[in-house]
Amino acid sequence: MQYLYAFIFAGTACLIAQIIFENTKLTPGHVTSIYTVAGAILSFFGLYDKLITKFGAGASVLISNFGHMLYSSALLGYEEHGILGLFSELLCKSSAAIVGAIVFSFVLALIFDPKD
């Protein structure tokens, strides 16, 4: 059942993004920013943790989870180090995903030729 919940949640998020693409002049960058900010806002109100508990990987692999990780890292940094902790701990939780994306992109760029 967990797989079905994850599929439904992630599929609904993708459906909403596709509807936005087809009916507005927003670009993928705009929608990515909207989803990231939405994840941070849901995290601010304490809802994103409930989404992750309910939908598992369906909620934790989306770009909205990046906003959740940014918010929760900044909040943790602020609690531990004050105002400077907002900036010093901001990418603490998401740094592994960012480094992984950069490394894998570089390796795949070395292996495959781009299309013209």
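Rule-based calculations on the coordinates, nothing more; no lab input. Owing to the predicted nature of the structure, the values given are computational and were not obtained by experimental measurement. As a convention, Cβ positions derive from the backbone with ideal geometry for all residues, glycine included, and neighbour counts pool all protein chains shown.
The set of residues in the range 8-48 that are farther than 19 Å from LEU76 by Cβ and more than 16 Å from the chain's Cα centre (by Cα) comprises ILE8, LEU15, GLN18, ILE19, ILE20, PHE21, GLU22, ASN23, THR24, LYS25, LEU26, THR27.
Looking only at the range 101-114, decide whether some residue is among the hydrophobic types (A, V, I, L, M, F, W, C), touching a helix residue (DSSP H, G or I) at 6+ places or on another chain (Cβ under 7 Å) and either surrounded by 13 or more Cβ atoms within 10 Å (Cβ to Cβ) or part of a helix (DSSP H, G or I) (or both).
Taking the range 101-114 and keeping what is among the hydrophobic types (A, V, I, L, M, F, W, C), we get 101-104, 106-112.
Of the ones still in play, those that are also touching a helix residue (DSSP H, G or I) at 6+ places or on another chain (Cβ under 7 Å) are none.
The answer is no, given that none of the residues of the range 101-114 is among the hydrophobic types (A, V, I, L, M, F, W, C), touching a helix residue (DSSP H, G or I) at 6+ places or on another chain (Cβ under 7 Å) and either surrounded by 13 or more Cβ atoms within 10 Å (Cβ to Cβ) or part of a helix (DSSP H, G or I) (or both).
Here ALA96 meets each of (1) surrounded by fewer than 16 Cβ atoms within 10 Å (Cβ to Cβ); (2) over 18 Å from the mean Cα position of the chain (by Cα) with one exception, condition (2). Contact map, the range 27-39: residues that are under 14 Å from ASN65 (Cβ atoms) paired with residues that are surrounded by 14 or more Cβ atoms within 10 Å (Cβ to Cβ) and among the hydroxyl-bearing types (Ser, Thr, Tyr), Cβ distance under 9 Å, separation 6+ or inter-chain. Pairs shown: TYR35/SER64; THR36/SER64; VAL37/SER64; ALA38/SER64; GLY39/TYR48; GLY39/SER64; GLY39/TYR71. Return yes or no: is GLY56 in contact (Cβ under 8 Å) with a residue 40 or more places away in the chain and under 26 Å from PHE7 (Cα atoms)? So GLY56 passes the test.
Do we have any residue at all in the range 49-56 that's of a type in the set (D, E, K, R) and over 18 Å from the mean Cα position of the chain (by Cα)? Scanning the range 49-56, I find no residue that is of a type in the set (D, E, K, R) and over 18 Å from the mean Cα position of the chain (by Cα), so the answer is no.
The rows are residues; the columns are (1) within 23 Å of SER95 (Cα to Cα); (2) of a type in the set (Gly, Ala, Ser); (3) surrounded by fewer than 16 Cβ atoms within 10 Å (Cβ to Cβ).
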position	(1), (2), (3)
MET1	no, no, yes
ALA17	no, yes, no
THR36	yes, no, no
GLY39	yes, yes, no
LEU51	yes, no, no
ALA57	yes, yes, no
PHE66	yes, no, no
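The rows are residues; the columns are (1) in a loop (DSSP other than H, G, I, E, B); (2) closer than 15 Å to ALA13 by Cβ; (3) of a type outside the set (Asp, Glu).
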site	(1), (2), (3)
GLY29	no, no, yes
THR32	no, yes, yes
GLY39	no, yes, yes
LEU42	no, yes, yes
LYS50	no, no, yes
LYS54	no, yes, yes
LEU75	no, no, yes
GLU79	no, no, no
ILE83	no, no, yes
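The sole residue among ILE20, ILE8, ILE16 that is part of a helix (DSSP H, G or I), more than 22 Å from ILE98 (Cα to Cα) and touching a Leu at 6+ places or on another chain (Cβ under 7 Å) is ILE20.
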